[in-house]
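Here is the structure we will look at, set down as structure tokens.
The values are calculated or read from the model by the stated rules, or taken from the named source; none is laboratory data. The structure presented is a predicted model; accordingly, all values stated were derived computationally and were not measured. Cβ placement follows ideal geometry from the backbone for every residue including glycine, while neighbour counts extend to all protein chains displayed.
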Amino acid sequence: MIEILGPAEIEKMRASGLLAAACLRMASREIKPGLSTERLDKLCAEYVRDHGGISAPLNYKGFPKSICTSINEVVCHGIPTKKQVLKEGDIVNVDVTTILAGYHGDTSRTFKVGKVSAEADLVTDVAEKCMYLGIEQVRPGGRVRDIGAAIEDHAHASGFSVVRDYCGHGIHRVFHAEPQIPHYRFRGANPRFKPGMTFTVEPMINVGNWRVKLLGDGWTVKTTDGKLSAQFEHTLLVTEDGHEILTSWDNLEGSKYE
Ligand code: MF3
Ligand code: CO
Ligand code: CO
């Protein structure tokens, strides 16, 4: 069942989305060569806690840290560690999920560390564009498959592929809820968007093929061909006439996080 949120719940989703956005913007200001992902994890954990929230990843199905940090050929769910130090030329996805007053906000960006290769630059920019092209499809009357179709078309036109094993998801009191939001054309249930639905769009775009493997730590997902992958994520609300990006940095202007 896909939940339709009422006005009070929507306000809580806005507040949690804003905190997740503020945390990710804080993280973006810290990213530079020499920063360990464990240090970044600590900064984000403190930021969320200091603003009255909870970091959803910590202890989620046993995940050991407060954010995910996924570098270069890591597709998603990378675990911050002390040994993992950012270096010039890396691309790193930082994925922040907050819980505030019981509701989740989930957002990520891929950051370029210093000067990066042309390929790293392109896959990062294409992943961001794919996310926004998917988001543009979200309005009442549209359907979930419209998102994947728009993303797949742009990724393929750019010579890249779309990860199939991980999808966007409904999100509210539950971190990963219905509906599933594939970032490619799929068969099967294709629900219509209705005002009050909340879900993420979070395409993972690979330079090589779409195949991925799970590492022995049970979390880290890498490309099987060792080529680069980039991801962006926002949490969305379906409105009467379109959508609202609950994790947009634009919402930070004039907010308590300014
Ligand atoms: N934030 C991720 C997502 O976009 C999920 C991370 S789950 C974790 O859905 F346990 F790895 F943190
Ligand atoms: Co998500
Ligand atoms: Co996320």
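Residues that are within 15 Å of ILE171 (Cα to Cα) and of a type in the set (A, V, I, L, M, F, W, C) were ranked within region 90-112; the one that is nearest to ligand 3 (Cβ to nearest atom) is VAL96.
Total residues in region 128-145 satisfying the condition of being out of contact with any helix residue (DSSP H, G or I) (no Cβ under 8 Å at 6 or more places or on another chain) and over 13 Å from PHE199 (Cβ atoms): the figure is 6.
The residue list THR200, THR124 contains one member that is crowded, with 22+ Cβ neighbours inside 10 Å and more than 16 Å from ligand 1 (Cβ to nearest atom), which is THR124. Taking the criterion of being away from ligand 1 (no atom under 15 Å from the Cβ) and charged (D, E, K, R), the residues of region 203-219 that qualify are ARG211, LYS213. Restricted to region 204-246, and to residues there that are among the polar types (S, T, N, Q), within 16 Å of ligand 3 (Cβ to nearest atom) and more than 15 Å from THR110 (Cα to Cα), the residue that is surrounded by the fewest Cβ atoms within 10 Å (Cβ to Cβ) is THR220. State yes or no: is PRO80 modelled with pLDDT of 95 or more and touching a Ser or Thr at 6+ places or on another chain (Cβ under 6 Å)? The answer is yes for PRO80. Taken together, LYS32, LYS65, LYS82 contain a single residue that is touching a residue at least 24 places away in the same chain (Cβ under 8 Å), in contact with a strand residue (DSSP E or B) (Cβ under 9 Å, 6 or more places away or on another chain) and surrounded by fewer than 19 Cβ atoms within 10 Å (Cβ to Cβ), which is LYS82.
For the criterion of being of a type in the set (Asp, Glu), closer than 28 Å to SER55 by Cβ and more than 16 Å from ligand 1 (Cβ to nearest atom), ASP90 passes. The residue list THR81, THR69 contains one member that is more than 26 Å from ASN251 (Cα to Cα), in contact with a helix residue (DSSP H, G or I) (Cβ under 6 Å, 6 or more places away or on another chain) and polar (S, T, N, Q), which is THR81.
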